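S.K.: Before anything else, here's the structure in question.
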Amino acid sequence: MVPNIVAFRIDERLIHGQGQLWIKALGVNTVIVANDSASEDPMQQTLMKAVVSKSVAMRFFSVQHTCDVIMKASPKQSIFIVCKTAEDALKLVAGGVPVKEINVGNIHRGPGKVEISKYIALGPEDKAALKELRDKHGITFNTRATASGDDGAAKVDLNKYLD
Amino acid sequence: MVGIVITGHGHFPSGILSAVELVAGKPDQVIGVDFEAGHSAHALKEAIMAAVEALGGDEILILADLVGGTPFNMAAAVKQELTSRNIRLLAGTNMPAAIEAVFSRVNAGLDELTELAAAAGSRGVVDFEHLGQDKEQLRFEDGI
């Protein structure tokens, strides 16, 4: 049974204001926050749960645990997975999380990173991970920052920056 | 789709719009009308009227900052005068109310949208001390 993963997003802030609207727009009933630090941090979990409706199941799994259990999802679960970095996304996909498309939401600026939109800045490690996702795992990317509306980020073609 | 006018004191309207844009994307059919120092109430009313007229569609939700404040009062006057349009008016607008209003327009007509925005605004005022007390978690049998 292939789990029903409705969307997979990379967002440095995991679930926050924008994420809340993604969940609403997608109409999913399960959110998996695949992040090692959040899976062990009750404070982060509390804050993320606060922005999400109680009718949505929130799961805080480590990246490895996500890979271990994802195939056991119930057919009743429609799932939104969010992870923090392109490297974690690669670990998840390489570890067996079945997705074809990844939404690259927020990757923040930092030293040595090249800004490609107002939401996304890529460093060498991001590029390497995204390139491997694309070339080895056949993943396609979209860069919509928000679930609806014109945020100016949707038109960026990530592939241009991966060669 | 319901058109939305946000009005309030100072740069509250343009400010809250920039915040909404950051989390929800740039919304269509939303106009902010700032009431800045030195502007007359009459000029504000004209500006709200112009905003309502600039929005297509018959249904308009006006989100004002303070009940009884000039932006709210002028919006009320516009609602009274423009009887050809179906206008609802809320005060006490905050981010949760504004996001709800912008976001739920896809499915909701004016009356429902007004209720949803008001409810989201109230629900959105939260004391950090009360967060995380609800330990209940939605479970799926045979799931994860």
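Each reported figure results from applying straightforward, stated rules to the coordinates on display, with no laboratory input. Note that the structure is a prediction, hence the values are computed from the model and not measured. Here Cβ is always computed from backbone atoms with ideal geometry, including for glycine, and neighbour counts include all displayed protein chains.
S.K.: Tell me, what ³J(HN,Hα) does each residue in region A:67-83 have, in order and in whole Hz, if you take phi through Karplus 6.51 cos²θ - 1.76 cosθ + 1.60 with θ = phi - 60° and put x for Gly and Pro?
M.R.: So the J values, rounded to whole Hz, are 4, 5, 10, 4, 6, 8, 4, 6, x, 6, 8, 9, 10, 10, 9, 10, 10.
S.K.: Please list, in chain and number order, the residues 5+ apart from B:Gly32 or on another chain whose amide H is under 5 Å from its amide H, with Hs placed from the backbone.
M.R.: Amide H neighbours of B:Gly32, under 5 Å, 5+ apart: B:Ile6.
S.K.: Can I ask one more? Provide the FRET efficiency to the nearest 0.05 for the A:Asn4-B:Glu81 pair, computing r from the beta carbons and using R0 = 41 Å.
M.R.: After rounding to 0.05, the efficiency reads 0.20.
S.K.: Sticking with this structure for a sec: Please compute the average number of Cβ atoms from other chains found within 10 Å of each residue's Cβ in peptide B:18-27.
M.R.: If you average over the peptide's residues, the count of other-chain Cβ atoms is 6.
S.K.: Dipole size in debye (nearest 20) for chain A around its Cα centre, Lys and Arg Cβ +1, Asp and Glu Cβ -1?
M.R.: 440 debye
S.K.: Just from its helices, what would the mean residue ellipticity at 222 nm be for chain B, if runs of 4 or more DSSP H residues each count -39500 (n - 2.57) and the sum is divided by every residue, rounded to the nearest 500 deg cm²/dmol?
M.R.: When only DSSP H runs of four or more count, the value is -13500 deg cm²/dmol.
S.K.: Right, next: Counting only helical runs of four or more DSSP H residues, what would the 222 nm mean residue ellipticity of chain A come to if each run contributes -39,500 (n - 2.57) and the total is spread over all its residues?
M.R.: -9000 deg cm²/dmol
S.K.: What longest region of chain B stays clear of trypsin sites (Lys or Arg not before Pro) that DSSP places outside H, G, I, E and B and that have at most 14 other Cβ atoms within 10 Å?
M.R.: B:1-134
S.K.: Run the dipole for chain B about the Cα centre, Lys and Arg Cβ at +1, Asp and Glu Cβ at -1, nothing else charged, and hand back the magnitude in debye, nearest 20.
M.R.: 280 debye
S.K.: A further question on this structure: Using only the alpha carbons of chain A, determine the length spanned along each of the three principal axes and report them from longest to shortest in whole angstroms.
M.R.: 39, 30, 28
S.K.: Give the residue list of trypsin sites (Lys or Arg not before Pro) in region A:3-87 that are DSSP loop and have at most 16 other beta-carbon atoms within 10 angstrom.
M.R.: Answer in residue order: A:Arg13, A:Lys54, A:Lys76.
S.K.: Among the listed pairs A:Lys127/A:Lys160; A:Lys118/A:Lys155; A:Lys54/A:Lys100; A:Lys84/A:Lys131; A:Lys91/A:Lys136, give every one whose C-alpha distance is greater than 20 Å.
M.R.: A:Lys54/A:Lys100
S.K.: On average, how much area does the Cα convex hull of the protein assembly as shown cover when viewed from any direction, in nm²?
M.R.: For the Cα atoms of the protein assembly as shown, the hull's average projected area reads 18.0 nm².
S.K.: Give me the net charge of B:Ile87's neighbourhood, meaning all other residues with Cβ under 13 Å from the Cβ of B:Ile87; Lys, Arg count +1, Asp, Glu -1.
M.R.: Net charge in that neighbourhood comes out at -2.
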